[in-house]
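Values in this text are rule-based calculations from the coordinates and carry no lab data. What you see is a predicted model, and the numbers here were worked out from it, not measured in a lab. Here Cβ is always computed from backbone atoms with ideal geometry, including for glycine, and neighbour counts include all displayed protein chains.
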Amino acid sequence: MRLTINGKEETIEKNSVTVAQLLTEMNVEMPDMVSVELNGDFLERENYDGIEVQENDRVEFLYFMGGGSLIG
Amino acid sequence: MITINKKIAERLFEQAKEGLPNEVCGYLAGKDGEVHEHYELENIDKSPEHFSMNPKEQFRAVKDAREKGYEILSCYHSHPETPARPSEEDIKLAYDSKIIYLIISLAGQNQEMKAFEIKDKNVKEIEVVIK
């Protein structure tokens, strides 16, 4: 299946894959801390297991960015 | 090393001051370690002690940077009252080991910015060149 992932064309050796499986397939570290857009739509994290990625989909993912100064 | 032009560096301090009492945050984008663009993002925590970037704004920034031929070099945030060094929370939440974490401190008289690589909870300070 051909996909565009973070702006780059990629081929994965599966015909059907959920968003969660795709993150695993892409060796994403800490997938629970990753935000995902599918074809421009922001996905809620609890839906990663239930949404399937289709041929030619555009997938964007990036890490949660946060922190704090409490204990400087 | 990360190189930031003076205008952007000055703007980062301004943003940090405008955001008081809360922390502010954003991305720095560019090429070959040199920052050409910055993105001021919403701190959805709206807190003086924490920040979380608005993820929808993160996507917009990343895509805009890509269209301009840049990559995201750094995630920055401010420490309104503490030094420019990563807190325990900063280190714990540094999930992206490929990005430079820049901290802008407004503590005391010495406003400063410092940059760090954080990988596997190990922190290494890297040089910031402002030109």
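Near A:VAL34, the amide H atoms lying under 5 Å from its own belong to A:PHE64; only residues 5 or more places off or on other chains count, and H is placed 1.01 Å from N. Taken one residue at a time, the phi angles of the range B:16-21 give Karplus couplings (6.51, -1.76, 1.60, θ = phi - 60°) of 4, 6, 4, x, 4, x Hz. Gly and Pro are set to x.
Backbone geometry of the range A:40-57 corresponds, through the Karplus equation with coefficients 6.51, -1.76 and 1.60 at θ = phi - 60°, to 3J(HN,Hα) couplings of x, 9, 6, 9, 6, 4, 5, 9, 4, 6, x, 9, 8, 8, 10, 3, 6, 5 Hz, x marking Gly and Pro. For B:PHE51, nonlocal amide neighbours, meaning residues 5 or more places apart or on other chains whose placed amide H falls under 5 Å from its own, are A:GLY67, A:GLY68.
For B:ILE126, the residues 5 or more places off, or on other chains, whose built amide H falls under 5 Å of its own are B:ALA115, B:PHE116, B:GLU117.
Checking the Cα-Cα distances for B:LYS46/B:LYS98; B:LYS68/B:LYS92; B:LYS7/B:LYS46; A:LYS14/B:LYS121; B:LYS17/B:LYS131; B:LYS46/B:LYS131 against a 29 Å cut-off, the pairs over it are B:LYS68/B:LYS92; A:LYS14/B:LYS121; B:LYS46/B:LYS131. Kirkwood analysis of the Cα pair distances in the range A:2-63 returns a hydrodynamic radius of 11.4 Å. By the count of neighbouring beta-carbon atoms within 10 Å, fewest first, B:CYS25, B:CYS75 end up ordered B:CYS75, B:CYS25. With all pairs of separate Cα atoms included, chain B yields a Kirkwood hydrodynamic radius of 14.5 Å. Stretching the chain fully between B:THR3 and B:ALA107 yields a gain of 35.2 nm (0.36 nm per residue, less the alpha carbon separation). Expressed as a fraction of 2.2 N^0.38 Å, the C-alpha radius of gyration for the protein assembly as shown is 1.05.
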